[in-house]
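In what follows, a single structure is set out as structure tokens and then discussed.
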Amino acid sequence: MRADGQWLFVDEAGRFFEASSAFRDRFVADALSEADCTFLDKQGHGPAQPGSLTDLARRREAARRFATVGPLDYLILVPTLRCNLSCSYCQVSRAALGASNFDWTEDTLERVLALLDSLTTPSIKIEFQGGEATLRLDLVKRVIERCERFAEREFVICTNLSRIDDDFLALADRNDVFISTSLDGDVGTHEAHRTHGAAETQAFIDNLDRLLARYGPGKVSALPTVDPDDPPDPDRLIDSYVDRGLHRIFLRPINYHGFARKRHRGSVEQGKAWHDYYLDFVHRLIARNWEDRSRVIEETYLSLCLRRIFQAGRDRHVDLRNPNPVGVDYIVIDYDGRVYPTDEARMLTRSRVVDLCIGDLDTGWDTEQRRLLNVHSTNQFDPQCRKCAYQPFCGRDLIDDLARYGRIDVARHETAFCRRHMFIFDLLFDLIYSGDPAIAYSLGRWLGLPGDSAQLAVRAS
């Protein structure tokens, strides 16, 4: 039951409607009226003969909710773990700038290149992480050059943008190279979190603005990390993005990985303070979109979850897909040649919480460790998830459970992952059924729908 006393009905295909408590009582008592049955038939929820067109259509819609996994075509590569900054909530626990033995050796590089040569996929996406990946642009360039054979290529260089030079710009000038960085809000907030002082902060701001002027926001992306105990003003944070032409804001709280486990212990759970801040932030975005319709601002994760409700099979977000097998179409190769199922798994190993390595470049990663993780890679059979109306839209993230609890058998409704997504889907259905034209406008735009109004919801009597 929703907060307004209405009940949300969802079938396994993710089709839904809202109904009153009276309808729910008639449904449970198997005492539906003729009008109720007519409504259900019209909305595609009525009974169907096995093998009928209606039955087959439902099965097809349900099947589209399940992620399909293809060949390996997405790699996160870590050519160095060294970094010139020491951010308080570094998820990786990076190595110092002058540290030794934290870069790829020539042998490791050659094994990465051999792996790329062996891939059968026509497309490739590679994300260069760190540490600070730009410290070893020589390695980044050799990987990119080796990928010329792929028909479709995309490379993302994740960088703190504290320093850029001609070599970096020459690489960034390529049409298939994109830049990802972090912008935590206004100058003061960013300086407090990520840099070594005002001069370092100004260098970052100057470099970010320089790249945006050179390439535009289509090539440069940024995301903020927010301390729920001391969040920036929502409007000032939004302005720091919109004023630079950046309209996608992936709002995330400090994650419970790396240095953050010691320096921000409250990051183990997203509590009321974060939820209140997030609600305020989302409603400010909606109000601004309605006030100025020349541009649309979105909170990226909320939009992703919205699309999971209405556009099944359209996304490949590896934290939420279902089933979510690891080490198949997506892997992480660390600075030492070890292979991990996700970047978060690498972070947990680095901070000595639990070793989630599933193999290495020498012996491969078709291992028992990977098999054990993948046995539990779906929410389909979880008894708690099967009772949840949001199951068709949700997924499973074993690594998150291991990070927070050191185990994967915690009851789903007691996990931070579940509470987070219950909150987000509750919020989305509140927005969907709000009836507010300003909200409908933003929802429609986030879904890519034409027009100023989106009729997304149906109700039973």
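Can you confirm whether segment 314-335 contains a residue that is surrounded by 17 or more Cβ atoms within 10 Å (Cβ to Cβ), in contact with a strand residue (DSSP E or B) (Cβ under 8 Å, 6 or more places away or on another chain) and on the phi > 0 side of the Ramachandran plot? Taking every residue of segment 314-335 in turn, at least one turns out to be surrounded by 17 or more Cβ atoms within 10 Å (Cβ to Cβ), in contact with a strand residue (DSSP E or B) (Cβ under 8 Å, 6 or more places away or on another chain) and on the phi > 0 side of the Ramachandran plot. The residue that is nearest to Leu356 (Cα to Cα), among those in segment 431-452 that are part of a helix (DSSP H, G or I) and of a type outside the set (Gly, Ala, Ser), is Trp446. Go through the residues of segment 416-425 one by one and say whether even a single one is in a helix (DSSP H, G or I), surrounded by 20 or more Cβ atoms within 10 Å (Cβ to Cβ), touching a Leu at 6+ places or on another chain (Cβ under 7 Å) and at pLDDT 95 or above. Taking every residue of segment 416-425 in turn, at least one turns out to be in a helix (DSSP H, G or I), surrounded by 20 or more Cβ atoms within 10 Å (Cβ to Cβ), touching a Leu at 6+ places or on another chain (Cβ under 7 Å) and at pLDDT 95 or above. For segment 1-95, the helices (runs of 4 or more DSSP H) that sit wholly inside it and include 1 or more residues that are open to solvent by 30 Å² or more (accessible area, probe 1.4 Å) and in contact with a Ser or Thr (Cβ under 9 Å, 6 or more places away or on another chain) are 21-28, 34-42. Within segment 362-385, being under 23 Å from Arg307 (Cβ atoms) and open to solvent by 40 Å² or more (accessible area, probe 1.4 Å) holds for one residue alone: Gln380. Selection within segment 392-413: residues that are open to solvent by less than 50 Å² (accessible area, probe 1.4 Å) and small (Gly, Ala, Ser). The member of this set that is nearest to Asp11 (Cα to Cα) is Gly395.
Among the residues making up segment 285-308, those that are outside any helix (DSSP H, G or I) and of a type in the set (Val, Ile, Thr) are Val296, Ile297.
One line per residue, one yes/no per condition, for (1) touching a strand residue (DSSP E or B) at 6+ places or on another chain (Cβ under 7 Å); (2) in a loop (DSSP other than H, G, I, E, B); (3) at pLDDT 95 or above:
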| position | (1), (2), (3) |
| --- | --- |
| Phe381 | no, yes, no |
| Arg396 | no, yes, no |
| Leu402 | no, no, no |
| Phe429 | yes, no, yes |
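What's the total number of residues in segment 113-144 that are without any contact (Cβ under 8 Å) to a residue 12 or more places away in the chain and open to solvent by less than 30 Å² (accessible area, probe 1.4 Å)?
0
Within the bounds of segment 145-154, is there any residue that is more than 24 Å from Ile254 (Cβ to Cβ), assigned to a helix (DSSP H, G or I), open to solvent by 10 Å² or more (accessible area, probe 1.4 Å) and not basic (Lys, Arg)? Scanning segment 145-154 turns up at least one residue that is more than 24 Å from Ile254 (Cβ to Cβ), assigned to a helix (DSSP H, G or I), open to solvent by 10 Å² or more (accessible area, probe 1.4 Å) and not basic (Lys, Arg). When the test is whether a residue is free of Cβ contacts under 8 Å to residues at least 60 places away in the same chain and crowded, with 21+ Cβ neighbours inside 10 Å, Leu356 passes it.
The values are calculated or read from the model by the stated rules, or taken from the named source; none is laboratory data. Keep in mind the model is a prediction, meaning the values are calculated, not measured. A quick note on method: Cβ atoms are made from the backbone with ideal geometry, for glycine too, and the neighbour counts reach across all protein chains shown. For accessibility, only protein heavy atoms count, side chains too; no ligands or nucleic acids. Shrake-Rupley method; radii C 1.70, N 1.55, O 1.52, S 1.80 Å.
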